[in-house]
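Engineer: Shown below is the structure under consideration.
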Amino acid sequence: MDASLSRSRLAKLIEDGAVMRGDEVLHSKSKVQPGDEIAITLAPAQETSLIPQDIPLDILYEDNELIVVNKPAGMVVHPAPGQWTGTLANALMYHAGDSLSGIGGEKRPGIVHRIDKDTSGVLVVAKTDAAHHGLSVQFAKHTARREYIAFVHGVPSAADPRLVGHAGVSFEPGNILCINAHIGRHRGDRQKMSVLPQGASGARHAVTRARTDQTFGTPPVISRVTCWLETGRTHQIRVHLAKVGHALIGDQTYGLGRKISAKALGEASADVAKNFPRQALHAASLGFVHPVSGETLSFQSEMPDDLRALQKALEKPVR
């Protein structure tokens with residue numbers, strides 16, 4: 001049963017009197033014994049206020065339990081104050097509304113993880129309670145594999161003396177940058193996240209790894225890196241890399257004030273990087289175990305056109 005119903009859903013069913021032992025309605029404090037036969041009555045999934053909208057989706061995979069999509073930059077994942085429509089959830093309600101069996105008793109897609117509005121790439125959404133519970137466990141235990149491509153200021157390197165002794169920063173074999181620093185809400189701006197001391201109110205453990213794949217400029221002033229998430233905190237990659245001096249290109253929240261050298265890149269290439277309209281971050285790969293079949297699944301998303309154009313401009317500087 002706990003493979004198909006979350007604890008919160010079970011708690012709600014008990015509260016609603018839908019869990020029985022024979023003729024006895026069970027409550028949260030009821031005693032049960034091994035061998036007891038428990039009956040659970042599941043009501044049909046209730047309609048939700050989420051508005052179905054005919055918005056095109058790039059679907060990488062779909063079955064009766066889940067759907068994997070390639071989200072474009074600029075699309076919000078889930079409705080929130082300020083944007084109740086035009087989201088991925090609205091699009092999924094239109095596309096898969098008839099096949100949704102209910103998440104927590106509501107006929108809606110189960111958002112297991114999110115990526116920022118201006119981040120592109122792959123994410124998985126549950127269509128059933130069983131899938132939602134199974135996927136949520138994997139993300140909570142950090143067994144789902146996620147890789148991101150990012151274009152950042154500077155070159156993360158073990159040879160950088162600025163990073164030697166930096167709290168929470170280490171380098172692993174292969175020049176892999178490891179950032180182990182707690183993240184929580186920014187004390188002065190609740191719309192932002194920041195690195196916080198361990199033990200601070202709201203601080204949550206977060207670990208990001210990054211490998212430099214390509215550098216641009218003479219001398220190098222921008223890098224393309226692959227990032228792995230051991231944890232999945234809000235804005236994690238953006239906050240961690242900015243904290244160690246390698247903010248993302250185009251990040252208007254965490255990368256303000258960073259200069260891009262026209263001398264190193266050439267005027268045209270520097271202008272492309274300076275004017276890139278969003279954080280240069282793409283969720284390129286996602287791997288997990290199918291929560292029902294047990295099959296290991298892996299999905300990739302190629303860089304979108306805007307990031308390809310950025311890379312091309314950086315590779316061929318015009319002076």
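Engineer: Using a 1.4 Å probe, what is the accessible area per residue for the chain, in Å²?
Structural biologist: 51
Engineer: Can you run phi through the Karplus equation (6.51, -1.76, 1.60; θ = phi - 60°) for the range 134-148 and list ³J(HN,Hα) in whole Hz, with x for Gly and Pro?
Structural biologist: Along the range 134-148, the couplings run x, 5, 4, 4, 5, 5, 5, 8, 6, 8, 6, 9, 10, 10, 10 Hz.
Engineer: Same structure, new question: With loop defined by DSSP as not H, G, I, E or B, and exposure as at most 13 other Cβ atoms within 10 Å, which is the longest segment of the chain clear of exposed GluC sites (Glu not before Pro)?
Structural biologist: Free of exposed loop sites, the longest segment is 48-294.
Engineer: Suppose we keep just the alpha-carbon trace of the range 62-199; what are its Rg and Dmax in angstrom?
Structural biologist: Cα radius of gyration and Dmax of the range 62-199 are 18.7, 57 Å respectively.
Engineer: When the accessible area of the chain is split by element with a 1.4 Å probe, what percent falls to carbon and sulfur?
Structural biologist: 51
Engineer: So what's the Cα pair-distance distribution over the chain, bin width 10 Å, in %?
Structural biologist: All Cα pairs considered, the percentages come to 5, 23, 29, 23, 13, 5, 2, 1, 0.
Engineer: If you don't mind, there's one more thing I want to ask. Taking amide H positions as placed in the peptide plane 1.01 Å from N, state which residues far from Leu26 in sequence (5 or more) or on other chains have amide H under 5 Å from it.
Structural biologist: Val19, Met20, Arg21
Engineer: Among Phe139, Phe171, Phe151, what's the order by accessible area (1.4 angstrom probe), most exposed first? Intermediate results must be reported in sequence, preceding the final value.
Structural biologist: Details: Phe139 25, Phe171 60, Phe151 0 Å².
Order by accessible area, largest first: Phe171, Phe139, Phe151.
Engineer: Something else now. Do any trypsin sites (Lys or Arg not before Pro) in the range 229-298 lie in a DSSP loop with no more than 12 other beta carbon atoms within 10 Å, and if so, which?
Structural biologist: Counting only loop positions with at most 12 other Cβ atoms within 10 Å, the trypsin sites (Lys or Arg not before Pro) in the range 229-298 are Lys259.
The values are calculated or read from the model by the stated rules, or taken from the named source; none is laboratory data. Predicted, not measured: the structure shown is a model, and the values here were computed from it. Please note: Cβ atoms are built from the backbone with ideal geometry, for glycine as well, and neighbour counts cover all protein chains shown. Heads up: the accessible areas ignore ligands, DNA and RNA and are worked out on the full protein's heavy atoms, side chains in. Shrake-Rupley method; radii C 1.70, N 1.55, O 1.52, S 1.80 Å.
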